[in-house]
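The values are calculated or read from the model by the stated rules, or taken from the named source; none is laboratory data. Quantities reported herein were computed from a predicted structural model and do not represent experimental measurements. Here the Cβ is made from the backbone with ideal geometry for all residues, glycine too, and neighbour counts use every protein chain on show.
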């Protein structure tokens, strides 16, 4: 099972840190390491083997099917039960996901260890920070295929709506957004990747505008930022088009963002620093005098979450590796007038990046 290999990689990380065990509580990380998709589950991973998967009675059958290769512990208080078992089995240094455990949850774990110390088995908690997320940043072949399928659903949904005349003046942002979501579901998505952004006219200058009753009009930009979830993996794409006739200023802004986006895509390479990738795209916009109108990072990783490692921005850290799935999404936003964002999902490879979102980036005038 591919999950077993992932657990072995985390096991090696834990051993290097001098840990006896790791308690994984983030549900997406649990899914990544075990295949379990229920709403209550945790994993106790031991550096010497003998892992333990915990859930409650609602998921006994599901766990038996999805996690057949790990010993099962059934207890409603899953996390504390696994911590107790870790100490009972001799773990003295236990890693935990500090970004996932609440303050109350940490106090509960500390109480479990205090009780264990009273019985002569002292143990300590050690943060592993985002060790599992670091593993998740590089996708395997099956994950990339799920991303391809998710992107294909989004591509087809937009193509069908455009062909049917659904993106036309007189309709509201809300109507377009709901129809786009419904079409992705019809085409096989489990859910939209996130709340679909439909922004027309001056609203298109708001990077994360929430669709409202604003009506689409001739001569306006229409920005669509959306994605589909397939097999748990998320796609992400933005296309900006013009309704009716495109004015010269709209074509100029669009061409600028398209050039910036092409530069960002070209900079995606194994070993590239994420800040350099951001700069390659951003410098194009800055040189045109619109640096102040590009107000967010260039992109982010996608996978089991819509935003995950790596972050590609001027404040990012690290370099790209083969197998990382990322977005490239520069934008220029002119308050009160309109804005353009062009976004693709791509996979970094040893050669050129693989483009997963295949909808044309030519300026579409409907």
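Residue by residue, here is whether (1) within 18 Å of residue 242 (Cα to Cα); (2) surrounded by fewer than 21 Cβ atoms within 10 Å (Cβ to Cβ) holds:
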position: 153; (1), (2): no, no
position: 157; (1), (2): no, no
position: 162; (1), (2): yes, yes
position: 178; (1), (2): no, yes
position: 198; (1), (2): yes, no
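Summed over the stretch 162-194, residues that are in contact (Cβ under 8 Å) with a residue 12 or more places away in the chain and in contact with a strand residue (DSSP E or B) (Cβ under 9 Å, 6 or more places away or on another chain) total 21. Got at least one residue in the stretch 297-315 being at pLDDT 95 or above, in a strand (DSSP E or B) and surrounded by fewer than 18 Cβ atoms within 10 Å (Cβ to Cβ)? Within the stretch 297-315 (the criterion being at pLDDT 95 or above, in a strand (DSSP E or B) and surrounded by fewer than 18 Cβ atoms within 10 Å (Cβ to Cβ)), the answer is no, since none of the residues qualifies. The single residue among 192, 169 that is in the same structural domain as residue 318 (by TED's automatic domain parsing) and surrounded by fewer than 16 Cβ atoms within 10 Å (Cβ to Cβ) turns out to be 169.
The combined condition, being assigned by TED's automatic domain parsing to the domain that holds residue 151 and touching a strand residue (DSSP E or B) at 6+ places or on another chain (Cβ under 8 Å), is not fulfilled by residue 315.
Which of the residues spanning the stretch 280-296 are in contact with a helix residue (DSSP H, G or I) (Cβ under 8 Å, 6 or more places away or on another chain) and part of a loop (DSSP other than H, G, I, E, B)? Write out each step before concluding.
Of the residues in the stretch 280-296, the ones in contact with a helix residue (DSSP H, G or I) (Cβ under 8 Å, 6 or more places away or on another chain) are 280-285, 288, 290-291, 293-294.
Those that are in contact with a helix residue (DSSP H, G or I) (Cβ under 8 Å, 6 or more places away or on another chain) and part of a loop (DSSP other than H, G, I, E, B): 288, 290, 294.
Quick check: is even one residue across the stretch 74-91 at pLDDT below 90, surrounded by fewer than 13 Cβ atoms within 10 Å (Cβ to Cβ) and over 30 Å from residue 306 (Cα atoms)? Yes, because at least one residue in the stretch 74-91 is at pLDDT below 90, surrounded by fewer than 13 Cβ atoms within 10 Å (Cβ to Cβ) and over 30 Å from residue 306 (Cα atoms).
Pairs are defined by a Cβ separation below 7 Å, a sequence spacing of at least 6 or placement on different chains, a first member in the stretch 91-119 that is farther than 22 Å from residue 131 by Cα, and a second member that is surrounded by 15 or more Cβ atoms within 10 Å (Cβ to Cβ) and modelled with pLDDT under 85; the pairs so defined are 113/123; 116/123.
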